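Colleague: Encoded as structure tokens, here's the structure I'll be asking about.
The values are calculated or read from the model by the stated rules, or taken from the named source; none is laboratory data. This is a predicted model, so every value here is computed, not measured. Neighbour counts are summed over all protein chains in view; Cβ atoms, including those assigned to glycine, are modelled from backbone coordinates with ideal geometry. We work out accessible area using only protein heavy atoms, side chains counted, and drop any ligands, DNA or RNA first. Shrake-Rupley method; radii C 1.70, N 1.55, O 1.52, S 1.80 Å.
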Amino acid sequence: MLRVEHLTKIYPNGTTALRDVSFEVNDGEFLAVIGLSGSGKSTLLRCINRLIEPTSGRIIWNDLDVTAAPASELRNIRRQIGMIFQQFNLVKRSSVLTNVLAGRLGYNNPSQSLLNYFSPADQKLALENLEQLGLADKAHVRADSLSGGQQQRVGIARALMQDPKLVLADEPVASLDPVLAHSILKYLEQMNKERKITVLCSLHFLDLVHRYATRAIALKEGQLVFQGLPKEIDDAQFKAIYGQEAERVTII
Amino acid sequence: MAFLSFVIPGAGQFYLKERGRGGSILAAALVQFGLISWSLNLKVAQWTVGRLTTSWLWIVVGLFWIWNVYDAYNITQGKSGSGLIGIFLTAFVIYVIAWQVTDIRLDRLVTRFGNALKILNDIIHPDLFARDASGHWIPSENFGYIFGTIQSQPVPDILVRLKLVSAGTLIPGYQAGKIVETIALGLMATLFSTILAVPISFLAARNITARIPGGVVIYYVMRTFLNIVRAIDTLIWGLIVILWVGLGSFAAVIALTIHSIAALGKLFSEEVEHIDAGPIEAVTATGANLFQTIRYAVIPQIVPPFLGYTLLRWDINVRSATIVGMVAGGGIGFFIIESLRLSAYTQYAAALWAIAVVVIIVDYISAKWRESIEAGVVQTSAAKPRPFYTSLRAWFFIVIGVAAFIYCWNLSGIDLKALFEPAPTFWQLIRSFVSFNLDPEVTSAVIAQMMITIFQALLATTLGGLVAIPFSFLAAHNLMGRSRFSLVIYYLIRTLFNIVRSIEAILYVAIFFYWVSFGPFAGMLALSLTTFGLIGKLFSESIENIDSGLLEAITATGATRFQAIVYGVLPQIVPPFVSYSIYQWDINIRMATIVGFAGGGGIGSLLYNNYFPFGEYRSAGTAVALIVIVVAIMDFASSKLREKLI
Ligand SMILES: Nc1ncnc2c1ncn2[C@@H]1O[C@H](COP(=O)(O)OP(=O)(O)OP(=O)(O)O)[C@@H](O)[C@H]1O
Ligand SMILES: [Mg+2]
């Protein structure tokens, strides 16, 4: 279980990106985070694994206080939380396999991994994950020779290598076309259902939220303005989240 | 408004919201005014009216003034004339002064033409082969000096100790020649400077220093340091280093390394600043520690571009290694100085040819290698690549590499002990160097020679560029037809460019002082020759890169080839030509700072002939400081100007 308590983030330049945000996520949920551009979605997700230091508030994950964890414990927590990015964030010049294996670094002896050594078990696991994502034949090609959808699948495989209990996905489909968007979200859904991995995923399109999420929260100017089931987002809620002028749009 | 411009040039335009125009006019007027007043006591453009001696260039300034008033008047009338007249008048003043200050004597080109023929004859008959007693052609003695000889030498000690051969046995061995030594110098300097530039570049990268306390200070200190060191040419470093470790190959390696560290440090740090933060974030998020993050997210991003720059630097270092010996000793530069001292021009010619061959080969290897790094190894098969230690080829290269390293180390006379035992004069030099001599006679001499250097570079860029233009059209694939005749011309001119640009300007000075005698004119001509090769290649490549659609369209209208060039090609090539010329002027100023070492005049001759030999290190410090300032300003201005153009 993940508990976010009174989380506030003020950037050094004075922007308040999150304002006293509190909510809970139960194990096994697929929680969508929605909100306009600039509402603080990315900041929220990055505060959870402390890629960004919160200004105040607490994040409790399975009774561990993430916000108070010292460096080594933080790494221990991070390795159990997978992360997927809008821009995929692969090392472009490295091979797909190396990118996937990087997901294992938190578990490995640092001095061994500096020599690019990964145990046969790790290698096998990486190939299995790639196989599951339909990329078995791409293991040794350079990451930047793949298409966007394929790169995002490598990103998912990298997260899976961590054997995560929680996955943070920051607009994982915003750089992809609608067909690919569904295929990527289906992989996330599959992870969520079959491996019982909790998913926190920020999304732009409401129909994707309706289709995949079990619950949703909404941010507006850094504040939590909605918390509930996706189907509870009616027109009034919608306007409250996205502003009066907003129109609903649908993608296939 | 016109009146405003009459009082202060450009003021009217400025007031009329033509800020850029007004500013440029004022700047141009100040440049003209400054240059003319400065050149008055150098007896430039003298004009005696009665008892008054002044410069006739003031007439041109007057014309400029009138034009500027007229221009302001035009703007008030809502017309905007072209600025060409103003540019032309300003350029006229600059070129007249440049012409006289650099002591251009066109008559000598003709009256001493015999000398030109003589030296040309020597150059096409380099001392490489000679007839032996029976009349066969064999490599001459000079060939051996340059390329090396096979000589009997004692067997290595280790074989004797192993009792494989008896002591005193002689075996044939290779005695390296000067050009081989030059290659070794270039390799060692590249290796050392790469290793040292890596840590420095991290400290000069904004995104890294932002993470450490006091980083901003470190960043600016490192950047300034790199810029200063880079502005000082390898040969000037050579003058300083010989006081540290003494004359010889080792001094040459150090001088090359110092300059190269700064050049690489700048390029590397820019590369570090451009790394993609995304993968770093992603790898951190997996729970990796700092070292793992660097290993998996940073190193893969920087190693290929670093390697590319190192290869580029290797090419440049081999070129510099051909001349560093002129002051530091070691390599073919030293050999050339010795030959010139003995007026052995055929030996000098042989060295030039050897340099051309080596530099062209190194240039080619480096370019091909960089291309393949740029493309990256895009493996598309699913097969797992074999780890390198199982590949015989990899081991072959490792063994060759290690052997080459040891060989070059010995050949370049590296003596690390010497680094810690500098001559006492060295400390004196360091101390005096930074306490500049600001006596009026020193500063005025330094400024005058610096102006000559700048003008030399300007004239050389103009001359070399103008001559290169027609040639560059003939060396452009897309303009030349497919006939056999035009292909022959194409390859001939390309080869000419490649040979000419492979030799550093300073090495050409000897040809021209033989022709027109010592001084800035000879230096300017030498610079022009290298410029011709360098800029000719750039020009012809930019012609090849033009959009051929337009050319086709114009040819399709039934235009002749000449018309097609005028309407289809010219408009597209003017911006890159101007941009390359500015770039070349920047490079030429750097080269012009050293042509004086070989008798080509300018600030280099002041350093080499007047200050260093007499231990006037304080004055030398002043000259070097001015070089740093001018080079830095040119570097900055040229990159800003070129950004605007493209
Ligand atoms: N490093 C930073 N420094 C200062 N302000 C920042 C920084 N990163 C984000 N912000 C600001 O914080 C606010 C929230 O940004 P955030 O990136 O979390 O929004 P988002 O909901 O993810 O938007 P998007 O949908 O565009 O990705 C914005 O106003 C943004 O400008
Ligand atoms: Mg975002």
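Colleague: Can B:ARG295 be described as basic (Lys, Arg), more than 25 Å from B:PHE497 (Cβ to Cβ) and touching a helix residue (DSSP H, G or I) at 6+ places or on another chain (Cβ under 7 Å)?
Modeller: The answer is yes for B:ARG295.
Colleague: One residue is enough: does the range B:36-44 have a residue meeting the conditions touching a residue at least 60 places away in the same chain (Cβ under 8 Å) and open to solvent by 40 Å² or more (accessible area, probe 1.4 Å)? Write out each step before concluding.
Modeller: Filtering the range B:36-44 down to residues touching a residue at least 60 places away in the same chain (Cβ under 8 Å) leaves B:36, B:38-39, B:42.
From what is left, the residues that are open to solvent by 40 Å² or more (accessible area, probe 1.4 Å) are B:38, B:42.
Within the range B:36-44 (the criterion being touching a residue at least 60 places away in the same chain (Cβ under 8 Å) and open to solvent by 40 Å² or more (accessible area, probe 1.4 Å)), the answer is yes, since at least one residue qualifies.
Colleague: Just for the range B:610-646: of the residues that are touching a Ser or Thr at 6+ places or on another chain (Cβ under 7 Å) and within 30 Å of B:PHE577 (Cα to Cα), which one is most open to solvent (accessible area, probe 1.4 Å)?
Modeller: Once the filter is applied, the top-ranked residue is B:ILE646.
Colleague: If you go through the range A:4-38 one residue at a time, how many are open to solvent by 70 Å² or more (accessible area, probe 1.4 Å) and either within 13 Å of ligand 2 (Cβ to nearest atom) or under 27 Å from A:GLU189 (Cβ atoms) (or both)?
Modeller: Residues in the range A:4-38 being open to solvent by 70 Å² or more (accessible area, probe 1.4 Å) and either within 13 Å of ligand 2 (Cβ to nearest atom) or under 27 Å from A:GLU189 (Cβ atoms) (or both): 6 in total.
Colleague: Please enumerate the residues belonging to the range A:109-121 that are open to solvent by less than 40 Å² (accessible area, probe 1.4 Å) and more than 8 Å from chain B (Cβ to nearest Cβ).
Modeller: Correct list: A:PHE118, A:SER119.
Colleague: I've got another one for you. What single numbered condition from (1) within 14 Å of chain B (Cβ to nearest Cβ); (2) part of a strand (DSSP E or B) fails to hold for A:PRO12?
Modeller: Result: A:PRO12 fails condition (2) only.
Colleague: Turning to a different aspect of this structure: Here is a check on your reading of the model: is A:ARG75 farther than 18 Å from A:ARG19 by Cα, modelled with pLDDT under 90 and either touching a Pro at 6+ places or on another chain (Cβ under 6 Å) or more than 16 Å from ligand 2 (Cβ to nearest atom) (or both)? Walk me through how you get there before you give the answer.
Modeller: Details: farther than 18 Å from A:ARG19 by Cα: yes; modelled with pLDDT under 90: no; either touching a Pro at 6+ places or on another chain (Cβ under 6 Å) or more than 16 Å from ligand 2 (Cβ to nearest atom) (or both): yes.
Judged against the criteria, A:ARG75 is not a match.
Colleague: Next question. Quick check on B:THR443: is it assigned to a helix (DSSP H, G or I) and open to solvent by less than 20 Å² (accessible area, probe 1.4 Å)? Walk me through it before giving the result.
Modeller: Values: assigned to a helix (DSSP H, G or I): yes; open to solvent by less than 20 Å² (accessible area, probe 1.4 Å): no.
No, not satisfied.
Colleague: Shifting gears a bit: Which condition from (1) over 20 Å from A:LEU18 (Cβ atoms); (2) outside any helix (DSSP H, G or I); (3) within 16 Å of ligand 2 (Cβ to nearest atom) is the one that A:VAL167 breaks?
Modeller: Status for A:VAL167: all satisfied but (3).
Colleague: Enumerate the pairs (first residue in the range B:543-567 and within 18 Å of B:ARG482 (Cβ to Cβ) and assigned to a helix (DSSP H, G or I); second residue anywhere and modelled with pLDDT under 75 and open to solvent by 80 Å² or more (accessible area, probe 1.4 Å)) with beta-carbon separation below 6 Å, excluding pairs fewer than 6 apart on the same chain, so at least 6 apart or on different chains.
Modeller: none
Colleague: So which pairs qualify, if the first residue must be in the range A:39-65 and in contact (Cβ under 8 Å) with a residue 60 or more places away in the chain and of a type outside the set (A, V, I, L, M), the second must be open to solvent by 10 Å² or more (accessible area, probe 1.4 Å) and away from ligand 2 (no atom under 16 Å from the Cβ), the Cβ gap must be under 6 Å, and the two must be at least 6 apart or on different chains?
Modeller: Listed pairs, sorted by first residue: A:ASN49/A:ARG78.
Colleague: A further question follows. Here are some conditions: (1) out of contact with any His (no Cβ under 9 Å at 6 or more places or on another chain); (2) within 15 Å of ligand 1 (Cβ to nearest atom); (3) in contact (Cβ under 8 Å) with a residue 40 or more places away in the chain. A:ILE34 meets all but one. Which one does it not meet?
Modeller: (1)
Colleague: Kindly indicate whether any position in the range A:75-87 is within 16 Å of ligand 1 (Cβ to nearest atom) and more than 28 Å from A:ILE184 (Cα to Cα).
Modeller: No, the range A:75-87 has no match at all.
Colleague: Please tell me if B:VAL272 is away from chain A (no Cβ under 14 Å) and under 30 Å from A:PHE118 (Cα atoms). Spell out how you get there, then give the answer.
Modeller: Working: away from chain A (no Cβ under 14 Å): yes; under 30 Å from A:PHE118 (Cα atoms): yes.
Taking the combined requirement at face value, the residue satisfies it.
Colleague: Does the range A:52-102 hold any residues that are surrounded by fewer than 22 Cβ atoms within 10 Å (Cβ to Cβ), assigned to a helix (DSSP H, G or I) and of a type outside the set (A, V, I, L, M, F, W, C), and which are they?
Modeller: If the condition is that a residue be surrounded by fewer than 22 Cβ atoms within 10 Å (Cβ to Cβ), assigned to a helix (DSSP H, G or I) and of a type outside the set (A, V, I, L, M, F, W, C), then A:THR67, A:SER72, A:GLU73, A:ARG75, A:ASN76, A:THR98 are the ones that fit.
Colleague: Kindly establish whether A:ALA143 is more than 16 Å from ligand 2 (Cβ to nearest atom), small (Gly, Ala, Ser) and touching a residue at least 40 places away in the same chain (Cβ under 8 Å).
Modeller: For A:ALA143, the condition - more than 16 Å from ligand 2 (Cβ to nearest atom), small (Gly, Ala, Ser) and touching a residue at least 40 places away in the same chain (Cβ under 8 Å) - is met.
Colleague: Mind counting the residues in the range A:135-170 that are of a type in the set (Gly, Ala, Ser), open to solvent by 10 Å² or more (accessible area, probe 1.4 Å) and more than 8 Å from chain B (Cβ to nearest Cβ)?
Modeller: Within the range A:135-170, the first condition is being of a type in the set (Gly, Ala, Ser), and the residues that meet it are A:136, A:139, A:143, A:145, A:147-149, A:155, A:157, A:159, A:169.
Restricting the remaining residues to those that are open to solvent by 10 Å² or more (accessible area, probe 1.4 Å) gives A:136, A:145, A:147-148.
Subsequent filtering for residues that are more than 8 Å from chain B (Cβ to nearest Cβ) retains A:147-148.
Of the residues in the range A:135-170, 2 are of a type in the set (Gly, Ala, Ser), open to solvent by 10 Å² or more (accessible area, probe 1.4 Å) and more than 8 Å from chain B (Cβ to nearest Cβ).
Colleague: Quick one: in the range A:171-214, which of the residues that are open to solvent by less than 10 Å² (accessible area, probe 1.4 Å) and within 14 Å of ligand 2 (Cβ to nearest atom) is farthest from the other protein chains (Cβ to nearest Cβ)?
Modeller: A:LEU203
Colleague: When you scan the range B:262-280, how many residues do you find that are out of contact with any helix residue (DSSP H, G or I) (no Cβ under 8 Å at 6 or more places or on another chain) and buried (at least 18 other Cβ atoms within 10 Å of the Cβ)?
Modeller: The number of residues fulfilling the criteria is 0.
Colleague: Filter the range A:39-60 down to the residues that are hydroxyl-bearing (Ser, Thr, Tyr) and either within 25 Å of A:GLU73 (Cβ to Cβ) or more than 16 Å from ligand 2 (Cβ to nearest atom) (or both) and list them by number.
Modeller: In the first step, residues of the range A:39-60 are kept if they are hydroxyl-bearing (Ser, Thr, Tyr); the result is A:39, A:42-43, A:55-56.
Correct list: A:SER42, A:THR43, A:THR55, A:SER56.
Colleague: Let me ask you something else. Write out, first by first residue and then by second, each pair whose Cβ atoms fall under 9 Å of each other, whose residues are 6+ apart or on separate chains, and whose first residue, in the range A:185-207, is aromatic (Phe, Trp, Tyr) while the second is open to solvent by 80 Å² or more (accessible area, probe 1.4 Å) and away from ligand 2 (no atom under 16 Å from the Cβ).
Modeller: Final answer for the pair search is A:TYR187/A:GLN132; A:PHE205/A:VAL249; A:PHE205/A:THR250.
Colleague: Considering (1) open to solvent by 90 Å² or more (accessible area, probe 1.4 Å); (2) farther than 21 Å from B:LEU459 by Cβ, say which one B:ILE75 fails and leave the rest.
Modeller: (1)
Colleague: Given (1) touching a Pro at 6+ places or on another chain (Cβ under 7 Å); (2) within 30 Å of A:GLU5 (Cβ to Cβ), identify the lone condition not met by A:ALA218.
Modeller: Looking at each condition in turn, A:ALA218 falls short on (1).
Colleague: Residues in the range A:235-246: is at least one over 23 Å from A:LEU135 (Cα atoms), at pLDDT 90 or above and away from ligand 2 (no atom under 16 Å from the Cβ)? Lay out the reasoning, then the answer.
Modeller: Going residue by residue through the range A:235-246, those that are over 23 Å from A:LEU135 (Cα atoms) are A:235-246.
Right, trim to at pLDDT 90 or above and you get none.
Scanning the range A:235-246 turns up no residue that is over 23 Å from A:LEU135 (Cα atoms), at pLDDT 90 or above and away from ligand 2 (no atom under 16 Å from the Cβ).
Colleague: Taking B:TRP65 as the residue in question, decide whether it is open to solvent by 70 Å² or more (accessible area, probe 1.4 Å), at pLDDT 85 or above and in contact with a helix residue (DSSP H, G or I) (Cβ under 7 Å, 6 or more places away or on another chain).
Modeller: no
Colleague: Before we move on, is B:ILE361 part of a helix (DSSP H, G or I), within 14 Å of another protein chain (Cβ to nearest Cβ) and either surrounded by fewer than 18 Cβ atoms within 10 Å (Cβ to Cβ) or out of contact with any strand residue (DSSP E or B) (no Cβ under 6 Å at 6 or more places or on another chain) (or both)?
Modeller: Taking the combined requirement at face value, the residue does not satisfy it.
Colleague: Which of the residues belonging to the range B:286-299 are surrounded by fewer than 19 Cβ atoms within 10 Å (Cβ to Cβ) and either touching a His at 6+ places or on another chain (Cβ under 8 Å) or within 8 Å of chain A (Cβ to nearest Cβ) (or both)?
Modeller: B:ASN289, B:PHE291
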